[in-house]
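Novice: Following this message is one structure expressed as structure tokens.
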Amino acid sequence: MIFIKKANILQILMLLLVLSGCKEKNKLDSTTTEKTNDKASVLIKPSPKLSESYIASKKKSILHFYNKNWPHESLNGGFLVAQNGQIIFEKYNGLANYKTKSEMTSTTPLHIASVSKVFTATAILKLISAGKITLDQKVTTILKEFPYPDVTIKTLLSHRTGMRNYAYFTEKKGIWDRHKILTNQDILTIMATKGIDLEFKTDTRFSYCNTNYAMLALVIEKITGLSYIDAMQEIIFKPLDMKNTYVFDYEKDKLTATPSYKGNFSLINMDYLDAVYGDKNIYSTPRDLLKFDNGRNSASFLDPKLLKLAYIGYSNEHKGTKNYGLGMRMINWPTGQNFYFHNGWWHGNTSSYVTLPEEKVTIIALSNKFNRSTYKARNLAALFGDYPFKLDDDGKEE
């Protein structure tokens with residue numbers, strides 16, 4: 001009997017050890033799952049926290065600038081200035097929808113127009129980093145009906161292809177029925193079948209052209225096997241937690257997207273070009289654009305070597321300060337100081353995105369009521385570094 005009891009005790013101990021091991025294994029599996037899930041979102045290292053006195057001094061200068069350039073709060077949209085990922089100043093003003101009288105808020109997505117190109121370029125750089133494509137790859141190896149054999153991914157990104165603007169050649173008689181909505185694929189088919197010649201030999205000069213980025217969107221779709229809408233969600237929006245950002249879907253969103261207006265709040269109706277994406281058609285908010293800027297400049301999201309290539313000017317045939325990188329406008333002064341930005345304009349929407357990597361400053365201005373003063377936002381760079389933009393003496397710090 002004593003032997004049986006000892007055996008029972010041993011069996012019980014063995015059972016307890018097995019159960020304990022299973023419990024520990026489940027704990028390890030759970031930890032592993034959590035770590036895997038962490039990798040799904042980008043963890044951006046926090047920069048040094050700004051002091052309250054520093055924020056107060058900058059905020060005062062920015063407020064003066066805002067009141068001077070947008071008197072009576074004429075900027076109908078959102079405005080944000082941040083440094084080290086911290087918001088120093090933000091303001092939302094006006095009506096998102098004039099008909100319903102809904103107010104503009106921090107979560108109101110506005111059409112960012114050509115600032116969308118920075119997103120398209122970033123997605124392409126991510127695909128290059130993943131080894132899916134190369135910067136010097138010929139577009140004909142990806143889009144089989146693409147008619148220009150010398151055009152590469154790099155020349156698309158840097159606007160050096162020589163292609164013509166789809167908004168112009170589709171206006172010509174016999175090219176496209178403007179009663180029909182134009183798509184990216186339609187643009188490619190037209191160029192391949194309607195004898196649309198290049199404006200100049202590829203990679204001989206710069207010419208800003210929306211067609212380049214409409215084709216890059218098709219490249220993204222071909223390489224990922226996803227629609228551009230879904231690809232941008234998976235590559236950029238979800239990883240950076242951009243919850244109020246989306247690519248405009250003409251059929252789905254045309255009645256619900258934030259409308260755009262002329263300066264007198266007259267509604268601007270959509271036209272046959274509004275379904276084309278890659279060059280435009282991303283809706284976002286200043287706060288989401290800050291998340292994008294923080295992520296884009298983070299080594300945990302984008303390969304620093306590729307990002308560096310984006311900040312190099314590729315059009316140097318003529319001396320000058322203005323240049324274009326890979327999805328980024330820039331000014332390169334003889335002093336060695338560089339300024340990086342992208343503006344946008346579509347219908348009544350105007351946008352300005354300024355990124356100052358050295359100072360870790362982000363400046364965003366968005367408006368859905370036409371206002372050229374949106375572009376003045378870049379002058380605020382003078383508050384943070386040696387940038388030769390002009391501010392009033394009483395608006396700039398001593």
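The values are calculated or read from the model by the stated rules, or taken from the named source; none is laboratory data. Worth saying up front: this structure is predicted, and the values here are computed from it rather than measured. Note that each Cβ is placed from the backbone with ideal geometry, even for glycine, and that neighbours are counted across all protein chains shown.
Novice: Which condition number in (1) touching a Ser or Thr at 6+ places or on another chain (Cβ under 9 Å); (2) over 28 Å from Ser315 (Cβ atoms); (3) basic (Lys, Arg) is the one that Lys180 fails?
Specialist: Answer for Lys180: the failing condition is (1).
Novice: Could I ask something else about it? Which condition number does Ile142 fail, the rest of (1) modelled with pLDDT of 95 or more; (2) more than 23 Å from Phe301 (Cα to Cα); (3) out of contact with any Lys or Arg (no Cβ under 6 Å at 6 or more places or on another chain) being met?
Specialist: Here Ile142 clears every test but (3).
Novice: Residues of region 143-163 being surrounded by fewer than 17 Cβ atoms within 10 Å (Cβ to Cβ) and either β-branched (Val, Ile, Thr) or closer than 18 Å to Ser207 by Cβ (or both), which ones?
Specialist: Matches in region 143-163: Asp150 only.
Novice: Taking region 210-221, which residues are under 19 Å from Asp150 (Cβ atoms) and either out of contact with any His (no Cβ under 6 Å at 6 or more places or on another chain) or surrounded by fewer than 18 Cβ atoms within 10 Å (Cβ to Cβ) (or both)?
Specialist: Residues satisfying the conditions are Thr211, Tyr213, Ala214, Met215, Leu216, Leu218, Val219.
Novice: I need the helices (runs of 4 or more DSSP H) fully contained in region 222-321, keeping only those with at least 1 residues that are crowded, with 18+ Cβ neighbours inside 10 Å.
Specialist: It comes to 228-232, 286-296, 304-310.
Novice: Please verify whether Leu127 is more than 22 Å from Ala275 (Cα to Cα), aliphatic (A, V, I, L, M), modelled with pLDDT of 95 or more and not in a loop (DSSP other than H, G, I, E, B), treating the condition exactly as stated.
Specialist: So Leu127 passes the test.
Novice: Among the listed residues Phe65, Phe146, Phe79, Phe119, identify the single one that is in contact with a Gly (Cβ under 6 Å, 6 or more places away or on another chain) and in contact (Cβ under 8 Å) with a residue 40 or more places away in the chain.
Specialist: Among Phe65, Phe146, Phe79, Phe119, only Phe65 is in contact with a Gly (Cβ under 6 Å, 6 or more places away or on another chain) and in contact (Cβ under 8 Å) with a residue 40 or more places away in the chain.
Novice: Mind checking which residues of region 173-198 are surrounded by 14 or more Cβ atoms within 10 Å (Cβ to Cβ) and in a loop (DSSP other than H, G, I, E, B)?
Specialist: Hits for region 173-198 are Ile175, Trp176, Ile181, Leu182, Thr183, Lys194, Ile196, Leu198.
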